[in-house]
Every structure is written in C-alpha cells, then in structure tokens.
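Below is one structure, written out as structure tokens, with a few remarks after it.
The values are calculated or read from the model by the stated rules, or taken from the named source; none is laboratory data. Treat the numbers as computed from the prediction; the structure is a model and nothing was measured. Ideal geometry is used to build each Cβ from the backbone, glycine not excepted, and the neighbour counts take in all protein chains shown.
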Amino acid sequence: MTIQKKFRRKQEDRSSETRRALFEATIAVICEKGYAGASTALIAERAKVTRGAVQHQFGTRVQLMAEVVRWVYDNETDEYSRATPAAGRKGLALDDWPAVLWRVLGKPSGIAVLDILWATRSDPELAERVLPLQQELERLGLERLQRSTGADPAMTLAQMRLLVWSVRGLVIAQSFVPNPDDVYPALDLLTRVLRRAAPSGGIEEIFQDAG
C-alpha cells in the first residue's frame, strides 16, 4: 500500500469514527432533551468534536437527523437478521415478532427515531428529508420480510405495519404510564392474540379466516 493510500485510509477511518460518535451522541441527546432540545452544539459537545466537524460531516442539523434514521435502520436490520426462527420455519412466527421488535425498537436508538419522525409534523425541512427516507426504508424492510415468509406483499405490509407501530406505541406509552414496566402485560397480550389468531405462525391464516 502506497503512502497516499495509507493516508486516505486513515482519513476514512477517522471520518467513520467521527460519524459514529455523532450518531451515538445525537441519540443520547434526543433521549435526554427531545428532538427540539438536541442542538448541534449539545451533540458536538457529547461527541467530543467541534461544531465544525458536524457541519463538515453532514452540512445541516436536518441532514444529520436523516442520517441518524438511516444508521439506526441499518443497525436494526442486523439485529433482525440474527433473530432465529423455530426449527422447520422459514422465518419468525407471527407471535415471535412482538418480543423481537421490543428488544430492537425499545432501545434509545428506536426512541430517538420516533422523536425524529414525530418532529416531521411541524418541521417541513425535516419532513422533506426524512419522510421519503422512511418510505424507502419501509419498502426495503418489506422486501426482506417477504423473502423470509413468502407471503403475499399486501399481507406482509399489513403485518409489518401492525407489529412495528403497535410496539412503537407501547414504547411511547412507557413515558406516560405510572411505571414503565406496566406496558409488559400489553406486550404479552399482543403476543397471545397473535398466537391464537395464527397458531401455525403465518399471516395467511388470519387473511384466510377473514375471507
């Protein structure tokens, strides 16, 4: 490897480390202060970098937030891929998903993404960046889930939205109930309802019954 290539590699490594530090800092600050309170100054301070480094890496605060959404999605996808289906199944059973989603979406990164998505309602610039990205990520998630289940695309999309947003709703509820652990019976109930509705674990059972 030439000196020039080594220098370029070191620069790329430093840039990657800085971006990761900024992603992690953004998540932490949003969880503490909310989206509105997550200024670039606080994020830079938490990441131990200058505000100029934030601007150099992302340009604007809005672009940083959009990149956080994408980075979290990539990490979540890795976690979903490590979830192991029962023996003999091509993918996870329907009633496996609440627990898997809770482990992934209930983390600080999932909470931060929820805050960013909610903020798009009152921030047109953020909405312009994040909502198309959210739609793209949902499409990619649908393709992966469909490959693992082989189910009809419309059924799979309904399954994904029901489960993801049900669990996200319970994640939000933890901030408003007297005890955050009070949501676990609701999560268990969702699991039991899905198991009763689809004993073999496939979404097709529910749609067949409806037909």
What are the residue pairs meeting all of these: first residue in the range 168-184, first residue in the same structural domain as residue 113 (by TED's automatic domain parsing) and more than 15 Å from residue 99 (Cα to Cα), second residue in a helix (DSSP H, G or I) and not hydroxyl-bearing (Ser, Thr, Tyr), Cβ atoms under 6 Å, and 6 or more apart or on different chains? 173/183; 174/180; 174/183
Residue 93: passes all of (1) modelled with pLDDT under 95; (2) surrounded by fewer than 15 Cβ atoms within 10 Å (Cβ to Cβ) but (2)
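Of all residues being surrounded by 17 or more Cβ atoms within 10 Å (Cβ to Cβ) and in a helix (DSSP H, G or I) in the range 45-56, which is farthest from the chain's Cα centre (by Cα)? Just the residue, please. Before you say what the answer is, go through the steps one by one.
Step one: of the range 45-56, the residues surrounded by 17 or more Cβ atoms within 10 Å (Cβ to Cβ) are 46-47, 49, 53-54.
Narrowing the set further to residues that are in a helix (DSSP H, G or I) leaves 46-47, 53-54.
Numbers: 46: 22, 47: 21, 53: 25, 54: 22 Å.
Residue satisfying both the conditions and the ranking: 53.
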Inside the range 121-138, the number of residues satisfying the requirement of being surrounded by 17 or more Cβ atoms within 10 Å (Cβ to Cβ) and more than 17 Å from residue 37 (Cβ to Cβ) is 4
Could you check how many residues of the range 121-158 are of a type in the set (Gly, Ala, Ser) and at pLDDT below 90? 3
The residue from 100, 68, 62, 72 that alone is buried (at least 16 other Cβ atoms within 10 Å of the Cβ) and over 18 Å from residue 22 (Cα atoms) is 100
Under 23 Å from the mean Cα position of the chain (by Cα), in a loop (DSSP other than H, G, I, E, B), closer than 30 Å to residue 173 by Cβ and at pLDDT below 95, is that true of residue 77? no
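Going by the conditions given, is residue 97 under 28 Å from residue 14 (Cα atoms) and among the aromatic types (Phe, Trp, Tyr)? Please lay out each step first, then the result.
Values: under 28 Å from residue 14 (Cα atoms): no; among the aromatic types (Phe, Trp, Tyr): yes.
In short, no.
Can you spot a residue in the range 187-203 that is at positive phi, surrounded by 14 or more Cβ atoms within 10 Å (Cβ to Cβ) and small (Gly, Ala, Ser)? I'd like the intermediate steps shown before the answer.
Keep residues of the range 187-203 that are at positive phi, which gives 201.
Adding the requirement that they be surrounded by 14 or more Cβ atoms within 10 Å (Cβ to Cβ) leaves 201.
Checking the rest, the ones that are also small (Gly, Ala, Ser) come to 201.
Checked against the condition, which is being at positive phi, surrounded by 14 or more Cβ atoms within 10 Å (Cβ to Cβ) and small (Gly, Ala, Ser), the range 187-203 yields at least one hit.
Keeping to the range 153-211, report how many residues are in a helix (DSSP H, G or I) and hydroxyl-bearing (Ser, Thr, Tyr). Steps first, answer last, please.
Narrowing the range 153-211 to residues in a helix (DSSP H, G or I): 153-173, 180-197, 204-210.
Of the ones still in play, those that are also hydroxyl-bearing (Ser, Thr, Tyr) are 156, 166, 184, 191.
So the count comes out to 4.
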